[in-house]
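K.L.:
Have a look at this one.
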Amino acid sequence: MEESMANQLLEVKGLSVKVEDKEILHGINLEIKKGETHVLMGPNGAGKSTLGYALMGNPRYEVTQGEIRFQGKLMNGETADKRAGAGMFLSFQNPLEVPGLSLGTFIRNAVEQRRGARVRLWDFRRELWKAMELLQMERTYGDRDLNVGFSGGEKKKAEILQMLLLKPGLAILDETDSGLDVDAVRTVSKGVEEYQKDRNGGL
């Protein structure tokens, strides 16, 4: 029993979620243990993205019933940044463009928040470049404004790059392969496989 609890990564019990007074999810139950990958399938509008946003604490998605526990800790009421700091990660279908903030700086700031300590620039660059090589990204991407002028495939790679550097306990990937060609899907899949080597969880 204790071993089972120790392996428990995410536990969702009776989760109901509404958006602008419309109930989207009702009574959802889900368990993910360390090392497991779960795939949610369904038509557009079924609530797959809603579940991801609710798990990450997006204030637009109101949890009306149920519990969200991550590594045994109740996450209801925790802000998105607190959940990210605890080790939860959500990739977006359409990542935002942020002019004036480079991809490298954004990831470094996020990594420092996640680790709770400063990261030496050279050490960070070595980690960044290693992950970029895996994803077949030029190093110059790190100096470009976050997602500005990126193609759909480049944005998806940038999301996976963030995941590899942040090393979250749970990664929630929302249609990561959407709009990608075969080669890009293969490259992104390599990034996901690398992430899973540490027995992290995926949804």
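The values are calculated or read from the model by the stated rules, or taken from the named source; none is laboratory data. On a predicted model such as this, the values are computed, not experimentally measured, just so you know. Cβ: placed from backbone, ideal geometry, glycine included. Neighbour counts: every protein chain shown.
K.L.:
Can you tell me which residues in segment 35-83 are under 14 Å from the mean Cα position of the chain (by Cα), of a type in the set (Gly, Ala, Ser) and farther than 15 Å from GLN93 by Cβ?
P.N.:
Answer for segment 35-83, where residues must be under 14 Å from the mean Cα position of the chain (by Cα), of a type in the set (Gly, Ala, Ser) and farther than 15 Å from GLN93 by Cβ: ALA54, GLY57, ALA80.
K.L.:
Every residue in segment 7-37 that is small (Gly, Ala, Ser) and assigned to a strand (DSSP E or B), please.
P.N.:
The initial filter retains those residues of segment 7-37 that are small (Gly, Ala, Ser), namely 14, 16, 27, 35.
Result: GLY14, SER16, GLY27.
K.L.:
Applying the selection to segment 158-188, what residues are crowded, with 21+ Cβ neighbours inside 10 Å and farther than 28 Å from VAL12 by Cα?
P.N.:
ALA158
K.L.:
In addition: Within segment 58-91, track down each residue that is part of a loop (DSSP other than H, G, I, E, B) and not hydroxyl-bearing (Ser, Thr, Tyr). Spell out how you get there, then give the answer.
P.N.:
From segment 58-91, those part of a loop (DSSP other than H, G, I, E, B) are 58-61, 71-72, 75-79, 87; that's our starting set.
Correct list: ASN58, PRO59, ARG60, GLN71, GLY72, MET75, ASN76, GLY77, GLU78, GLY87.
K.L.:
Return a yes/no flag: does segment 42-50 have any residue that is loosely packed, with under 14 Cβ neighbours inside 10 Å, of a type in the set (Lys, Arg) and touching a residue at least 12 places away in the same chain (Cβ under 8 Å). Give the steps one after another, and end with the answer.
P.N.:
Narrowing segment 42-50 to residues loosely packed, with under 14 Cβ neighbours inside 10 Å: 42-46.
Within this subset, residues satisfying the condition of being of a type in the set (Lys, Arg) are none.
Checked against the condition, which is being loosely packed, with under 14 Cβ neighbours inside 10 Å, of a type in the set (Lys, Arg) and touching a residue at least 12 places away in the same chain (Cβ under 8 Å), segment 42-50 yields no hits at all.
K.L.:
Here is a follow-up. Using beta carbons and a limit of 6 Å, which pairs, at least six apart or on different chains, have the first residue in segment 135-159 and touching a residue at least 12 places away in the same chain (Cβ under 8 Å) and the second one surrounded by fewer than 18 Cβ atoms within 10 Å (Cβ to Cβ) and of a type in the set (Asp, Glu)?
P.N.:
ASN147/GLU97; VAL148/GLU97
K.L.:
Still on this model: Surrounded by fewer than 20 Cβ atoms within 10 Å (Cβ to Cβ) and at pLDDT below 90: which single residue out of ARG125, ARG115 fits that description?
P.N.:
Result of the check over ARG125, ARG115: ARG115.
K.L.:
Taking helices (runs of 4 or more DSSP H) that do not extend beyond segment 92-192, which have at least 3 residues that are of a type in the set (Gly, Ala, Ser) and not assigned by TED's automatic domain parsing to the domain that holds ILE32?
P.N.:
Those helices (runs of 4 or more DSSP H) span 152-166.
K.L.:
Answer yes if at least one residue in segment 102-109 is among the hydroxyl-bearing types (Ser, Thr, Tyr) and surrounded by 12 or more Cβ atoms within 10 Å (Cβ to Cβ), and no otherwise.
P.N.:
Checked segment 102-109: at least one residue is among the hydroxyl-bearing types (Ser, Thr, Tyr) and surrounded by 12 or more Cβ atoms within 10 Å (Cβ to Cβ).
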